[in-house]
Structures are given as structure tokens and as C-alpha cells.
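The values are calculated or read from the model by the stated rules, or taken from the named source; none is laboratory data. Keep in mind that this is a model prediction, so the values were computed, not measured. Heads up, the Cβs are rebuilt from the backbone with ideal geometry, glycines too, and the neighbour counts pull from every protein chain shown.
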Amino acid sequence: MVGKVMEFEATRPKFVDGRHCVSSPIIVALLLRKLNPMNPEDMIELAIKNNKGIFHDICLWCERTGNRLITSEHTSEDEDIHCIIQKGEGRAKTKKIVVVMSTANLKVSVGLLEKAIGGCVLGMDVSLFFEGTGVRLLQTGYRARCQGIFGTFRTKKIEDELRRARKLLPKHAIEMLEELGANFFVCGASLERLRVEEEEISVAKYEIVSGIRLIDLLARSDINLFTGGVFKRP
């Protein structure tokens, strides 16, 4: 009796394409969507642009989070870098970061929300405190804009630039932060002043707080980031 011939084929790792994005926090957040459900020691392949800054960030992220960069190689055209990463056991959150969003200005909020995503992917306990016009960023359907006489033109220009770079508009960054497990705190006085109802808040879990809670969060945090917003009439 002739036995069946068994053919074994090496399974390729799951693949994440980050080549069209220039933001390393967003690239890693996209990577985590596929990496988190996997088992320790499983492999995943990440493709990024041939950019020293992004590549060094990927190496640093592996080092800080207990994942292992097995190998990296350039494509023949030297345009891309392909990384094979082995999932680690994971590490407990030991660092805390608080991000204070005091303005809904598009240009200002984009960069700070991206840094908050960076904290999440590094395994930090990230808390976002929305106050002043910053509470508008959590209002369902709100579109962050640039200020000034040419605000409409600048808003469209920045939005187009963000889309080309595969970066996130504030509402999408907030959705990603919620997915990554960030904590959301909202200033109750600001909601009242700007007439934003709780039912309009776009995230599922949040706390309505005030100034003392903010000071307590800042006092217990390792890193504090601010938008530098100013008071404006609603």
C-alpha cells in the first residue's frame, strides 16, 4: 500500500503594509491590529518606506515593548524596508502620560493626538483631558478647522496633506485612541459653556470631571503634554 505524499509549505507571516504612511505611531497602531490577537513567538511582516526615522522608531518600539525584530531587508529598488517581527510576551504598563486638549484647532490637535497614539503603542497608560474648545473634538460630526481669515483654505490644504501622508484627522485619531485603550476625561464646565450635550460625545467610555481631577492626573503622570490653547468665546 502506497502512503499518501504529504506536502508541507512554509506559512508566510501576516503582512502589514505601512509604506504609504509617514507616521510611525500610526504604522505601529495598524501593526497592533493584527499583532495583538496573535500568540507569543508568532511572526508578522511589516513593510515601511526606506526612511531612517521610521525604521529607528520600529526598532525602538520592539525594544521597549518586548517584541523582537528578527530581520530587516531592503527591496531591490531600495525604496522599501521589510521587517520580520516576533511577538513577545508583553509588558505591564508602568509609565503614564496625560495629554491636555484645550483647543479644537486642526493644525495643533493633529500633532498632539498623534503623540498620544505613540504613547499607547509604547505600552503607556494614556489619558486625554478635553477642556475649552477642545471638547468639540469629541462632539459627533464636528470637523476640526484652522483659525484665522484664511481658515477655510488652510483647513482644506492641511486635510489634503494629511490624506496624502496617510495621517489621521482628529476624529479618526480619537477613534484609534479609543481602540488602543486610552482614557478620556471631559471638562464638565466646558461642555456647559459650549452647549455640548453628553449624548453628542463620540467615545463610549469617558468621565465628566473638572479642574481638581486634571491637577491630580498631572501630578500622578510621568509625561504631560499640552496644546497651549487659549480661552475663546464660544
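Within segment 120-166, if we keep just the residues that are farther than 23 Å from Ser24 by Cα and β-branched (Val, Ile, Thr), the residue that is surrounded by the fewest Cβ atoms within 10 Å (Cβ to Cβ) turns out to be Ile149.
Every test in (1) more than 18 Å from Lys171 (Cα to Cα); (2) outside any loop (DSSP other than H, G, I, E, B) is passed by Ala92 save one, and that test is (2). Annotation note: Cβ proximity below 8 Å between a residue of segment 12-25 that is assigned by TED's automatic domain parsing to the domain that holds Asn50 and a residue that is assigned to a loop (DSSP other than H, G, I, E, B) and small (Gly, Ala, Ser) (sequence gap 6+ or interchain) occurs for Cys21/Ala165; Val22/Ala165; Ser23/Ala165. Given the structure, is Asp80 of a type in the set (Asp, Glu), in contact (Cβ under 8 Å) with a residue 60 or more places away in the chain, out of contact with any Cys (no Cβ under 7 Å at 6 or more places or on another chain) and not assigned by TED's automatic domain parsing to the domain that holds Phe130? It is true that Asp80 is of a type in the set (Asp, Glu), in contact (Cβ under 8 Å) with a residue 60 or more places away in the chain, out of contact with any Cys (no Cβ under 7 Å at 6 or more places or on another chain) and not assigned by TED's automatic domain parsing to the domain that holds Phe130.
Does Glu63 satisfy the condition of being on the phi > 0 side of the Ramachandran plot, outside any strand (DSSP E or B) and exposed (fewer than 12 other Cβ atoms within 10 Å of the Cβ)? The answer is no for Glu63. Scanning segment 205-221 for residues that are in a loop (DSSP other than H, G, I, E, B) and exposed (fewer than 12 other Cβ atoms within 10 Å of the Cβ) yields a single hit, Lys205. Residues in segment 106-156 that are more than 20 Å from the chain's Cα centre (by Cα) and polar (S, T, N, Q): Thr133, Gln147, Thr152, Thr155. The residues on offer are Val135, Val100, and the sole one that is modelled with pLDDT of 95 or more, assigned to a helix (DSSP H, G or I), more than 25 Å from Ile58 (Cβ to Cβ) and not aromatic (Phe, Trp, Tyr) is Val135.
When Gln147 is tested against (1) closer than 30 Å to Gly123 by Cβ; (2) free of Cβ contacts under 8 Å to residues at least 60 places away in the same chain; (3) part of a loop (DSSP other than H, G, I, E, B); (4) of a type outside the set (A, V, I, L, M, F, W, C), only condition (1) is not met.
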